[in-house]
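Just so it is clear, none of the values below were taken in a lab; they were calculated from the coordinates. The structure presented is a predicted model; accordingly, all values stated were derived computationally and were not measured. Using ideal geometry, Cβ is built from the backbone for each residue, glycine included, and neighbour counts are taken over all protein chains shown.
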Amino acid sequence: MSYSLEDLALDIKNTLETHGIEKGSSTICYYVKKALMDQNFIPTHLPDRKEGELEREVLYEDKDYGFCICGHVYPKMAEGHPHDHGPSWAIYGQATGETEMTDWEIVKKENDITTVKPNKTYLMKPGDVHFYNIGAVHSPMRKDPVRLLRIEGENLDNVKRSKIKAL
Ligand SMILES: [Fe+2]
């Protein structure tokens, strides 16, 4: 049986309700992977973007917990700078293509600026899922077109991110 957007939303919601994000993150990662592996999920919800459309689309926003399921489609190379998601956690699930992700270590926080240095770099391949806790600094590098699912703890349209300085 196929795994639908509604199934994913309900599984995330139930996990948050039962365990919270700290204890439930690996379970949510499992459900995101399940969606990535479903043969209909990605073709249905992460179609090619038309001219002028945004790369990120909010597919589902939960009215009780505030988390969002987003589809990201990058048609060409995209390099992200080191960033966090302000007060929100996030889960990245690679659907197609590859992302070279770097995790950054926080060296100091001073005068509203977070200074970071690179910690480790790893390749995310289709089916790979990673949890980024609140405050985790990371930077994605995508050399070719990619599609990914991103679960945001709260809608990132509305959050203020830290100012980051990379060493
Ligand atoms: Fe991010």
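Some values worked out for this structure:
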read-out	value
Segment E51-E79, extension gain: residue separation times 0.36 nm, minus the distance between their alpha carbons	8.1 nm
Test item: Cα-centred dipole of the chain, Lys/Arg +1 and Asp/Glu -1 on Cβ, debye	560 debye
Footprinting exposure proxy for H130, H81, H45 (fewest neighbouring C-beta atoms within 10 Å first)	H81, H130, H45
Entries in K23/K165; K34/K125; K13/K120; K109/K160; K143/K163; K76/K125 that, when Cα-Cα distance is taken, lie over 20 Å	K23/K165; K13/K120; K143/K163
At most 16 other Cβ within 10 Å, DSSP loop - trypsin sites (Lys or Arg not before Pro), the stretch 56-97	K63, K76
Most positive-pole-ward Cα, P43, H85, M101, against dipole of the stretch 5-166 from beta carbon charges	M101
Calculated FRET value between E61 and K34, using beta carbons and R₀ = 25 Å, to 0.05	0.75
The chain, helix-only ellipticity at 222 nm - DSSP H runs n ≥ 4, -39,500 (n - 2.57), divided by all residues, nearest 500	-8000 deg cm²/dmol
Spin-label proximity, D112 to the stretch 81-101 - amide N less than 17 Å from point 7 Å beyond Cα toward beta carbon	84, 86-87
DSSP-loop GluC sites (Glu not before Pro) across the stretch 1-64, with at most 16 other Cβ within 10 angstrom	E51, E53, E55
Additional length obtainable on full extension of the chain from E22 to D7, 0.36 nm per residue less Cα span	3.3 nm
The stretch 78-167, dipole about Cα centre (Lys/Arg Cβ +1, Asp/Glu Cβ -1), debye to the nearest 20	180 debye
Extension gain, V159 back to E105 (0.36 nm per residue minus Cα-Cα distance, nm)	17.3 nm
